[in-house]
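The values are calculated or read from the model by the stated rules, or taken from the named source; none is laboratory data. Everything quoted here is computed from the prediction, not taken from an experiment. Positions of Cβ are generated from backbone atoms using ideal geometry, with glycine treated the same way; all protein chains shown enter the neighbour counts. Calculation scope for accessible area: heavy atoms of the full protein, side chains included, ligands and nucleic acids excluded. Shrake-Rupley method; radii C 1.70, N 1.55, O 1.52, S 1.80 Å.
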Amino acid sequence: MDDFDYDLFTLGAGSGGVRASRVAAGLGARCAIAEDHRVGGTCVIRGCVPKKLLTYAAHFAQDFEDAAGYGWTVAPPSFSWPALIAAKDREIARLEAVYRSLLAGSRVALLDGRAVVLDAHTVEVGGRRITARHLLVATGGWPVRPGFPGAEHCITSNEAFALTELPRRVLMVGGGYVAVEFAGIFRGLGAMVTLAYRGEQLLRGFDDDVRAHLSIELVRGGIDMRLHATPQSVERLPDGSLRVALRTAAGVSLLEVDAVMLATGRAPNTQGLGLAEAGVALDDDGGVVVDAFGASSVPSIHAVGDVTNRIALTPVAIREGAALAATLFGGRPTSADHVDVPHAVFSDPPVGAVGMTEAQARNTLDAVSVHTASFRPLKSMLSGREQKTLMKLVVDADTQRVVGAHMVGPDAPEIIQAIAIAVKAGLTKAQFDATMAVHPTAAEEFVTMR
Ligand SMILES: Cc1cc2nc3c(=O)[nH]c(=O)nc-3n(C[C@H](O)[C@H](O)[C@H](O)COP(=O)(O)OP(=O)(O)OC[C@H]3O[C@@H](n4cnc5c(N)ncnc54)[C@H](O)[C@@H]3O)c2cc1C
């Protein structure tokens with residue numbers, strides 16, 4: 001036993017920090033964690049969970065429409081944004097309380113306040129100095145705001161969750177999953193949505209067929225998509241609305257909206273943390289550079305989750321947190337596995353993907369075969385909805401291993417979670433084909449594709 005106050009002090013009670021602390025405490029370490037906003041972090045408070053709740057809310061619009069094809073007469077529905085936000089807030093408060101009690105139950109001391117690193121073993125929280133054998137930086141990420149004039153009038157996902165009323169006209173700026181998801185939320189709830197993205201196609205990093213398919217469906221769903229488009233300035237008008245100068249290949253056009261949401265990426269949350277001063281190496285985006293076991297360039301300082309600027313997803317942060325605790329206190333050097341991480345976009349329609357895109361496979365493998373299916377889901381036959389589903393398998397033609405699976409369509413995230421087991425296990429196309437279908441489902445296409 002040394003004379004540090006704690007064995008592990010964690011900065012940030014989000015997905016990664018909470019898991020690392022609880023597992024470490026379970027292994028006998030004396031743990032404390034500091035949180036300067038709300039326990040649960042981005043995922044619980046202003047990320048995955050509230051976003052998914054708003055996605056459910058938005059989807060009811062289609063359900064009401066589709067019901068007519070099945071014989072239902074639905075009175076014109078009405079929607080209350082304040083009621084939705086209040087219900088969402090109650091659920092988030094409940095979850096935060098669960099996280100707090102989990103920490104207490106694991107005997108992790110919780111300090112409400114911002115922590116700053118003073119040296120390799122010391123932090124300061126609210127004027128109090130605390131020492132620990134190991135420090136863990138799990139401070140997550142923060143939305144990046146472009147610097148055009150009037151950017152201060154715009155919101156990010158942080159503020160979108162707390163709007164007091166639903167904007168009637170929204171400009172969404174960005175082409176990543178947060179932009180696409182919030183475009184779907186606002187559109188589903190009745191707003192007119194313009195999505196402006198500076199690149200040539202949405203969802204960089206996803207399979208090209210998925211990107212193209214989703215773009216078509218978003219436009220079909222009523223989103224006004226502007227590619228190669230960047231806001232030049234935003235001006236607040238006397239009536240409170242916003243005038244945006246949007247630059248596209250055709251020149252600058254003016255757009256009047258009630259809200260501009262910037263979903264232009266996130267940066268690691270390391271500003272003012274004292275890391276560089278303590279000798280911790282940071283990458284160009286400010287991310288903490290770590291080895292496979294979560295150690296930074298200062299051996300007693302570690303980092304997990306979004307702050308490491310690797311794969312910014314909750315399950316990844318959680319695995320990294322658990323692996324770090326096992327490494328430091330379980331006597332087992334453990335690294336989180338970053339290969340074949342399944343991921344989803346809760347857009348309308350949603351996307352699920354695992355493994356290589358076709359382009360990645362063609363760049364890295366000698367021979368590739370690709371199997372795709374595109375169809376209107378059975379449900380649409382009576383509802384008349386035109387939306388199409390896309391499913392795609394990418395196969396290493398030499399080994400016959402399925403190296404990638406991609407889907408755009410209802411339930412894609414749920415389906416891909418199960419398919420991810422097969423991809424991770426390295427199963428072959430023949431083994432997919434030998435699996436009996438569940439009929440009638442969309443998922444059966446994954447075992448019947450020729
Ligand atoms: C809109 C949105 C939607 C998302 N949807 C999904 C999804 O569907 N699926 C998915 O897997 N991922 C999703 N993510 C990503 C996911 O939320 C993050 O990957 C995950 O929360 C990362 O966990 P973390 O522990 O690294 O950081 P965080 O969860 O961000 O936690 C960091 C915590 O540290 C605190 N903190 C920061 N600085 C300090 C300090 N100096 N002292 C004390 N505390 C500090 C912060 O307040 C925060 O609570 C989404 C993110 C956003 C923004």
Taking 7 Å along the Cα-to-C-beta vector as the label spot, tell me the D3-R129 distance in nanometres, rounded to one decimal.
1.3
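Given a 1.4 angstrom probe, what's the average accessible area per residue across the stretch 238-368, in square angstrom?
45
Percent of accessible area on the chain owned by carbon and sulfur, 1.4 Å probe? Intermediate results must be reported in sequence, preceding the final value.
Details: 11290 of 20660 Å².
Carbon and sulfur together cover 55 percent of it.
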Using alpha-carbon positions, what is the distance between the centroids of the stretch 136-153 and the stretch 361-405, in Å?
36
If the limit is 19 Å between Cα atoms, which of K392/K429; K392/K424; K52/K424; K52/K392 go over it?
K52/K424; K52/K392
What ³J(HN,Hα) values, in whole Hz, does the Karplus curve 6.51 cos²θ - 1.76 cosθ + 1.60 give for the stretch 301-315 when θ = phi - 60°, with x put for Gly and Pro?
10, 10, 8, 9, x, 4, 5, 8, 6, 10, 9, 8, 9, 4, x
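For the chain, what relative contact order do you get, as a whole percent, if you take Cα pairs closer than 8 Å and at least 6 residues apart? Please report the intermediate quantities before stating the final value.
Values: 973 pairs, mean separation 71.4, N = 450.
For the chain, the relative contact order is 16 percent.
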Provide the gained length on full extension for the span S253 to E444, in nm with one decimal, where the gain is 0.36 nm per separating residue minus the Cα-Cα distance.
64.2 nm
Would you calculate the separation in nanometres between label points at S335 and E165, each defined as 7 Å from the Cα along the Cα-to-beta-carbon direction?
5.4
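Kindly state, to the nearest 0.05, the FRET efficiency for R90 paired with E65, given R0 = 30 Å and r defined as their beta-carbon distance. If you can, show how the numbers build up before the last one.
Working: r = 28 Å, r/R0 = 0.94.
According to the calculation, E is roughly 0.60.
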If a paramagnetic tag sat 7 Å from the Cα of A104 along the Cα-Cβ line, which residues of the stretch 35-77 would have the backbone N under 19 Å from that point?
35-41
Hypothetical label at S241: residues of the stretch 183-200 whose amide nitrogen lies under 15 Å (7 Å Cα-Cβ projection)
191-194
With θ taken as phi - 60° and the coefficients 6.51, -1.76 and 1.60, list the Karplus ³J(HN,Hα) couplings across the stretch 348-362 in order, rounded to whole Hz; mark glycine and proline as x.
10, x, x, 10, x, 8, 8, x, 6, 6, 4, 5, 4, 5, 5
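With every protein chain present, what is the per residue accessible area of the stretch 91-137 (1.4 Å probe, Å²)? Write down the numbers at each step before the final one.
Working: 2330 Å² over 47 residues.
Value returned for the stretch 91-137: 50 Å² of accessible area per residue.
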Please give the peptides 276-286, 207-217, 74-84 ranked by average Cβ packing (other Cβ atoms within 10 Å per residue), highest first, as a rough proxy for protection.
207-217, 276-286, 74-84
From largest accessible area down, sort E414, E159, E386; use a 1.4 Å probe on the protein chains.
E414, E386, E159
Treating the Cα atoms of the chain as identical point scatterers in vacuum, please give the log10 of the normalised Debye intensity I(q)/I(0) at q = 0.12 Å⁻¹, two decimals.
-1.14
Reported to the nearest 10 Å², T194 has, with a 1.4 Å probe, an accessible area equal to 10
Rounded to the nearest 10 degrees, what's the angle between the helix 48-67 long axis and the longest principal axis of the chain, both from Cα atoms, 0 to 90?
10
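Which order do K424, K52 take when ranked by solvent-accessible area (1.4 Å probe, heavy atoms of all protein chains), largest first? Intermediate values should be presented prior to the final figure.
Numbers: K424 90, K52 50 Å².
So, going from the largest accessible area down, we get K424, K52.
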